[in-house]
Each structure stands twice: as structure tokens, then as C-alpha cells.
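Okay, structure first, notes after.
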Amino acid sequence: MGRSFANLHIKSNHLEKTIEALKALSEGSGEVLGKSSNPNQAVSDDAQSEQTQETVMYISSSNENWISVLHDYFVWGTVKKAGKALSRLIEEPVMTVGFINDEIFELSIFEKGDIQAERIFCDPLVRDEYGLQEQRLQDDYLREALDIREEAFDDFIRMTSPAQAVDKLSELVGMSLWSDFEWLPYEEELKDRFKKYQFA
């Protein structure tokens, strides 16, 4: 098994507004963050009770255009649900990134609760094996949302290596996408970049 990670990014330079939207997400759509949707559910121990009642996120103003979010429930598959729900609460585009076993890099952009564009970077054999298909191939929207020059974008979307595509996109948007909640204790760069926030 190779590396896996997932994270979420909001195209915004309004940190406070973004934090308010993430708080609203935690309170109103906690199930997309792994919270129980039944507040009366019996909880066996205090630690689980604490975890159910409180959402911990790590947030970073990665650059002047993007705010990045790490959460322990974000993995390939769940991060898209959170991105979709968050995009209903915020005016700006929400980008989700899922990377699994060094085999698949899935990039999705949501706005107003709908997926606007998606690209999956992987070997054609992996695509067939997993039955992967983009929910919405909308390259013009993707290029504009990511604010990438056309020539650079054409090179980027032709990539089939997931790791190379992550590196290239990190370079094009000016922030490292190589980040995950589970990596925080071990990587000083992430500890310096992300600040802990707790929501009820």
C-alpha cells in the first residue's frame, strides 16, 4: 500500500468567513464530518462522547487565494461529501482532493451544493479496475476555478501519474496539496502551517 491523503480547500482570502462556514457545517451537517446524526445515541465511553460532540479541524490560509482544511474524517470518498455540503454554506468554490495508495488522485470542485468539475488522474488500467469515471468533466470551469493558464492546464490534465499530477497542481496553485490530518504529528511544516480549531 502506498500513500493516501485527503484534504479540502476553499478559494477565498476571507479566513473568518470560512471559519464561520466550517462551524455551520459542523453544527448543521455533522454527519459529513463523521458525527452521529442522532444526538440521543447512547455512547459507551467519555472519549467517544467527546469526539462526537466536538469537531477538530486544522485550517491554514495557504496563500492569498486558498484556505486549506484538514480533518480526521477526510479520506478518499468522504472528503467529497464534506466539500459538497460546505459549498452550500459558502459562496466561493470548494476543492476536494483525494489520493489513494499512490494509484488515484481525484480532484473535484463544488459550488452551491453541486459538483462543477472533476478530474481523476490514474493509470488507464487502474481506472478500469476501479470503474472510475468523472462525475462532471468540465475542463473550462476547472481551469478558471484553479486560475491556471491554458497551456499549463493542458499539460496538467494529460497527466496519468497521480503523484506527478499532485506535484504539478501544487505548483500551479501555489500551495502544497501533500497534507493530511494523520500527518500533522509527524511533519513540522504542516504543524507550522495549520492552526487547530474546535467546533461544537
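The values are calculated or read from the model by the stated rules, or taken from the named source; none is laboratory data. Since the structure is predicted, the reported quantities are computational estimates derived from the model, not experimental observations. Methodologically, a virtual Cβ is constructed for each residue, glycine included, from the backbone with ideal geometry; neighbour enumeration extends over all protein chains shown. Accessible surface areas use protein heavy atoms only, side chains included; no ligands, DNA or RNA. Shrake-Rupley method; radii C 1.70, N 1.55, O 1.52, S 1.80 Å.
Annotations
- Residues that are of a type in the set (Lys, Arg), modelled with pLDDT under 95 and crowded, with 16+ Cβ neighbours inside 10 Å within the range 164-200 comprise just one, Arg193.
- Residues of the range 95-118 classified as closer than 12 Å to Arg143 by Cα and among the β-branched types (Val, Ile, Thr), total: 1
- Residue selection: Ser161 satisfies the criterion of being among the polar types (S, T, N, Q), surrounded by 14 or more Cβ atoms within 10 Å (Cβ to Cβ) and over 24 Å from Asn65 (Cα atoms).
- Which listed residue is in contact with a strand residue (DSSP E or B) (Cβ under 6 Å, 6 or more places away or on another chain) and more than 23 Å from Met57 (Cβ to Cβ), from Arg136, Arg193: Arg136
- Tally, over the range 66-122, of residues that are part of a loop (DSSP other than H, G, I, E, B), within 19 Å of Phe199 (Cα to Cα) and either open to solvent by less than 20 Å² (accessible area, probe 1.4 Å) or hydrophobic (A, V, I, L, M, F, W, C) (or both): 3
- Close pairs from the range 7-20: first farther than 19 Å from Leu190 by Cα and assigned to a helix (DSSP H, G or I), partner open to solvent by less than 90 Å² (accessible area, probe 1.4 Å) and among the acidic types (Asp, Glu), Cβ under 9 Å, at least 6 apart: Lys17/Glu92; Thr18/Glu92
- Every condition in (1) part of a helix (DSSP H, G or I); (2) more than 30 Å from Ile19 (Cα to Cα); (3) open to solvent by 80 Å² or more (accessible area, probe 1.4 Å) holds for Phe156 except the one numbered (3).
- Residues of the range 123-138 that turn out to be surrounded by fewer than 14 Cβ atoms within 10 Å (Cβ to Cβ) and part of a helix (DSSP H, G or I), as a count: 5
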